[in-house]
There are 2 protein chains.
Amino acid sequence: MRRLLVAKVYFDHNSTTALKPKVLDAMMPLLTSQHGNPASQHCFGRRAHEAIEQARRQVAAAVGAQASQIIFTASGTEANNFAITGIASNLAPAQILTSRIEHPCVTKPAMAMARRGWQANQVAVNAKCELDLQDLQTKLATPTHLVSVMLANNETGSIQEIKAVTALVGKQAYVHTDAVQALGKIAIDFNALGVHAMTISSHKIGGPLGAGALVLNKRIDIQPLLHGGGQEKGLRSGTENIAAIVGFGAACELATQELADFAQHTAALRTALEVGLSQLNAVIFAQQTVRLPNTSFFAFENINGETLVTALDQLGFAVASGSACSSASGEPSHVLLAMGVEADLAGAAIRVSFNRDNTLEQVHAFLHALKQALQKLRQMTAVAA
Amino acid sequence: MRRLLVAKVYFDHNSTTALKPKVLDAMMPLLTSQHGNPASQHCFGRRAHEAIEQARRQVAAAVGAQASQIIFTASGTEANNFAITGIASNLAPAQILTSRIEHPCVTKPAMAMARRGWQANQVAVNAKCELDLQDLQTKLATPTHLVSVMLANNETGSIQEIKAVTALVGKQAYVHTDAVQALGKIAIDFNALGVHAMTISSHKIGGPLGAGALVLNKRIDIQPLLHGGGQEKGLRSGTENIAAIVGFGAACELATQELADFAQHTAALRTALEVGLSQLNAVIFAQQTVRLPNTSFFAFENINGETLVTALDQLGFAVASGSACSSASGEPSHVLLAMGVEADLAGAAIRVSFNRDNTLEQVHAFLHALKQALQKLRQMTAVAA
């Protein structure tokens, strides 16, 4: 009888994270005794309202913003759609620039604006997964009203020079940045970045699913994506998901406290991992780039990424082939293609993303399992050939 | 020293409900050990995917639909915005009809489509809060491509004859219904209603905030409101809020089991309440209308609704003045104004909405408190006059 092993070690934290116990503790009162609609006049409602305002201050503090600049949404995807659609809807149609390595929840709303008279174009990146600032400058010669470049890439972990982007763009256009993968992994200072809007999300930092935010520069004029009861100053309607928002606030506060430790701990794990990967002749993408400390993206020639992910899953390790979103589609990573990686090698890509709970022992065990899996898959390939 | 009393008895279930303990039990594994992105290929992801598909079947069963017809969203507000914007975006602009008693998360997206060439109009209701079918027929003489009429009103509880609406509209337009307040309070059969799309929400039926759904007839062509990773068949992107969706499924299953009991129990409470209200000379709105069993909407002449809500809150009872959404704005209920109620009397309105946990003792205590509050407020008015 074949024994079905399931993954025990989770190395896929850029995809989603487990709730931190302290975050769940903060949420539990809202899930048990303290219900109430924050818009209600009675005490249940007032208490719900106060809980949300406290979370707003916690989230703002984590990114160097003011509480009044935080608009809560249900997710990073919603915040990105809100930013692109909501900002563009209030402007005269012109060029809208994103980068070739954005998450589809930025590029697709940008492309959707094409139906409303906008011209959506993408700025190139170099082989190191860094935005090509020369290409940005060239494209800015065309009248441009909105630019969106992510702060850190979900697949390679590459960190973009957003300050250079905002400096180049100047007053020509609004600038939005998707900081979902950066939050909790590197320090973020909203004002220093010089952007007009920034997306963050809860479930990537040990907070619950169901909460995200768009951080807004006060000078920006934005149309709501969700119309209705007028919550969030009329910018995002819908009864607030109080438990999720409170959890997001708690997770932001914890992430700020643990930021230095997170970076140090996960960077050490990654160094150990990448030493081992090099010995196994892996191609490591964006290795020389300024990257998120916890992320390693690599491939083995002639070994399909999804096949390897499945093999590793059976050996007890949960990793990703590209992002979780694109892994369902089965297409090679658009990020690697943008970096000029050949489609075959891009299709071989595997992503490991650590958090603070992962250990050096797990990394060593993973390298051992990887070696096993590679041997087996290469034997199978050899037999088939 | 003044003693601050807080509301202990919750009579505001049309606004939001506490999580049912069984629902929280179903959610807890997802909030503790079972995290995972449903799009991920590894076992964490597959398990998350399976949990969502089970919830989809539970939600579908509660409204007589097929699982494949359920598109999960983060809220009823999102589902209503998605329905109106998403359906209209794929059609040639024409008239879009809503009713005068819709929730703003239906009327506002309809009005927003006016900027994209649509003509948004509202069908009248009569003094009993019933849709004026004659007015609908008259307005349908203008080319109309989308009609949205709610199944049950959140304020009066009036239940609309959606089958008559779909029969009148015929093949001229798509019909959407907002069934957020109907779910769990009356039986819903999606196919029998003959609508093309229907909105439901979790947190009104003892489920968590963070989950709603649009039920879609398979023939309908709809554009996503949230673009991105392509979740929910490409119709609603964003990592699924697994815990909330699982809770929504569990709440739907419970609501179906408890439906008859809910109706019988809350109707008995309401009868007792309204006997008492009549003795206090309340005006009870839509009392002779086919209504949700748990809802009573009433007013006392010359007594401001918000003042009375605050007085009742201090006496230990949480009730609403109009809907939670409009109560924050301080404007008189648009529903009562649509019924032809004078603005002064509309501004006096109070809503009580029960659930199964409320008791006859609470109703009697409430009537007692109400009598006290009225006497005190009338004395204050007399002194001031």
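The values are calculated or read from the model by the stated rules, or taken from the named source; none is laboratory data. Predicted model, so just to flag it, every value in this text is computed and none were measured. Please note: Cβ atoms are built from the backbone with ideal geometry, for glycine as well, and neighbour counts cover all protein chains shown. Surface accessibility is based on the protein's heavy atoms, side chains included, excluding ligands, DNA and RNA. Shrake-Rupley method; radii C 1.70, N 1.55, O 1.52, S 1.80 Å.
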Sequence ranges B:10-17, B:109-116, A:31-38, ranked by mean other-Cβ count within 10 angstrom, highest first: B:10-17, A:31-38, B:109-116
For the stretch B:180-186, Karplus couplings with θ = phi - 60° (6.51, -1.76, 1.60), whole Hz, Gly/Pro x: 4, 7, 7, 4, x, 10, 9
For residues of B:104-114, the mean tally of beta carbons on other chains within 10 Å: 3
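Quick one: compute the contact order of the stretch B:1-108, relative version, from alpha carbon pairs under 8 angstrom and 6+ residues apart, as a percent. Please report the intermediate quantities before stating the final value.
Numbers: 45 pairs, mean separation 11.5, N = 108.
It rounds to 11 percent for the stretch B:1-108.
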Computed E for A:Lys371/A:Glu342 - FRET, C-beta separation, R0 22 angstrom, nearest 0.05: 0.35
Long-range HN-HN contacts of A:Thr73 with modeled amide H, under 5 Å: A:Gly212, A:Ala213, A:Leu214
Local electrostatic count, A:Ala26, Cβ distance below 13 Å [Lys/Arg +1, Asp/Glu -1]: 0
Long-range HN-HN contacts of A:Asp12 with modeled amide H, under 5 Å: A:Ser353
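In Å², what does the accessible area per residue of the stretch A:21-254 work out to with a 1.4 Å probe?
On a per-residue basis, 31 Å².
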For chain B, size of Cβ-based charge dipole, Lys and Arg +1, Asp and Glu -1, in debye: 400
Mean Cα-pair separation over length for chain B, i.e. relative contact order, pairs under 8 Å, 6 or more apart, %: 23
A:Leu91-A:Lys22 FRET efficiency (beta carbon distance; Förster radius 45 Å; 0.05 resolution): 0.60
3J(HN,Hα) from dihedral phi, the stretch B:359-375, Karplus parametrisation 6.51/-1.76/1.60, rounded to Hz, x for glycine, proline: 10, 5, 4, 4, 5, 5, 5, 4, 4, 5, 5, 4, 4, 4, 4, 5, 4
Distances in nm from B:Gln223 to the matching label points in the other copies, shortest first (labels 7 Å along Cα to Cβ): 1.1
For B:313-320, mean number of other protein chain Cβ atoms within 10 Å: 3
Residue-by-residue Karplus 3J(HN,Hα) for the stretch A:75-87, coefficients 6.51, -1.76, 1.60, Hz, glycine and proline x: 5, x, 4, 5, 4, 5, 4, 4, 4, 5, 5, x, 6
Percent of beta bridges antiparallel (DSSP, the protein assembly as shown, rounded to nearest 5): 55
Amide H contacts under 5 Å for B:Leu292, placed H, 5+ residues apart: B:Ser158, B:Ile159
Alpha-carbon radius of gyration plus Dmax, which is the widest Cα pair, for the stretch A:234-385 in Å: 18.1, 63
For the protein assembly as shown, alpha-carbon Rg and Dmax in angstrom: 27.2, 98
Inter-part distance where the stretch B:80-135 and the stretch A:191-241 are each reduced to a Cα centre, Å: 26
Whole-percent pair-distance distribution, where bins are 10 Å wide, for the alpha carbons of the stretch B:21-254: 8, 34, 34, 17, 6, 1
Top of B:Gln288, B:Gln181, B:Gln362 by mean-square fluctuation, Gaussian network on chain B, Cα under 10 Å: B:Gln288
Cβ-derived FRET efficiency at R0 45 Å, B:Ser68 paired with B:Gln379, nearest 0.05: 0.15
Residue among B:Pro109, B:His176, B:Ala48 farthest towards the positive dipole end of chain B, charges placed on Cβ: B:Ala48
For residues of A:15-25, the mean tally of beta carbons on other chains within 10 Å: 4
Trypsin sites (Lys or Arg not before Pro) within the stretch A:192-244: DSSP coil, no more than 11 neighbouring Cβ in 10 Å: A:Lys218, A:Arg219
